[in-house]
Amino acid sequence: MTHTLLALLLALICLAGLVLVALGLPGLWVIVLAVLGYGALTNFRTVGLVTTIAVLALAGLGELLEAWLGFGLTRKYGGSKRAGWGALLGGVVGATVGVPVPVIGSVIGALIGAFAGATLFEYSATWKVHGALRVGWGALLGRVAANTAKIGVGLVMAVVAMWAAVR
């Protein structure tokens, strides 16, 4: 394979990874694997240790941001740690249940699941409907903010990968 073809393939896989992130799937790790694969196929001539560490660190940062924003906004809206865990578990369950619906099912499922999980967990602790719904709203906003931040990190990863590949 030529260098140009490999760089084009890397770009396409990075784009697919970004789409996966938007769908709530592990697209950052697809980008990491693409960078490692590109490096291996080119004997790590342009994608070396610095690029690999940068991409791995960015993927880790994306995962931390996702957890921090999800928990943080749930807490900011009055939720307990229990509600934060409910949002996290509900988001995962919702994304899983939504997968059979083409294209946006996992996104909608994750949003509904985060809201429902945080609301249910908070309600079971406080028995206050209004407060639990407010916490659920915070969890939903947290999920949106987390997904947005993760897409931003994915874009930076794709730029780093492509810069290393074409230099």
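The values are calculated or read from the model by the stated rules, or taken from the named source; none is laboratory data. These numbers were taken from a predicted model, which means no experiment stands behind them. Cβ placement follows ideal geometry from the backbone for every residue including glycine, while neighbour counts extend to all protein chains displayed. Side chains included, ligands, DNA and RNA excluded: accessible areas come from the protein's heavy atoms. Shrake-Rupley method; radii C 1.70, N 1.55, O 1.52, S 1.80 Å.
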Checklist outcome for this item: Answer in debye to the nearest 20: the dipole magnitude of the chain about its Cα centre, from +1 Lys/Arg and -1 Asp/Glu charges placed on Cβ, is 340 debye
Checklist outcome for this item: By accessible area (1.4 Å), largest first, VAL19, VAL135 order as VAL19, VAL135
Checklist entry - Regarding segment 49-115, what are the three Cα extents along the principal axes, ordered largest first, in Å? => result 40, 34, 13
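Rounded to a whole number, what % of the accessible area of segment 67-144 do carbon and sulfur atoms account for, probe 1.4 Å? The partial results should precede the final answer.
Details: 3410 of 4400 Å².
Carbon plus sulfur share of accessible area: 77 percent.
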Checklist entry - Two-decimal Rg/Rh of the chain from alpha-carbon positions, Kirkwood Rh? => result 1.11
Item to check | Of the trypsin sites (Lys or Arg not before Pro) in segment 45-96, those whose Cβ has at most 15 other Cβ within 10 Å and which sit in DSSP loop | outcome: ARG45
Checklist entry - Taking the Cα atoms of segment 99-140, what is the range of coordinates along each of the three principal axes, in descending order and whole Å? => result 37, 15, 10
Item to check | segment 1-56: projected area of the alpha-carbon convex hull, averaged over directions, in nm² | outcome: 3.5 nm²
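Excluding ligands, DNA and RNA, what is the solvent-accessible area per residue of segment 17-92 at a probe of 1.4 Å, expressed in Å²?
Values: 3880 Å² over 76 residues.
On a per-residue basis, segment 17-92 sits at 51 Å².
Which chymotrypsin sites (Phe, Trp or Tyr not before Pro) in segment 46-143 sit in a loop by DSSP (not H, G, I, E or B) and have at most 10 other Cβ atoms within 10 Å of their own Cβ? Spell out each step's value before the answer.
Values: sites: TRP68, PHE71, TYR77, TRP85, PHE115, PHE121, TYR123, TRP127, TRP137; in loops: TYR77, TRP127.
Counting only loop positions with at most 10 other Cβ atoms within 10 Å, the chymotrypsin sites (Phe, Trp or Tyr not before Pro) in segment 46-143 are TRP127.
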Checklist entry - Taking the chain as a Gaussian network, where each spring joins two C-alpha atoms under 10 Å apart, which residue of VAL144, VAL101, VAL55 fluctuates the most? => result VAL101
Item to check | Cα centroid separation, segment 57-118 to segment 1-48 (Å) | outcome: 26 Å
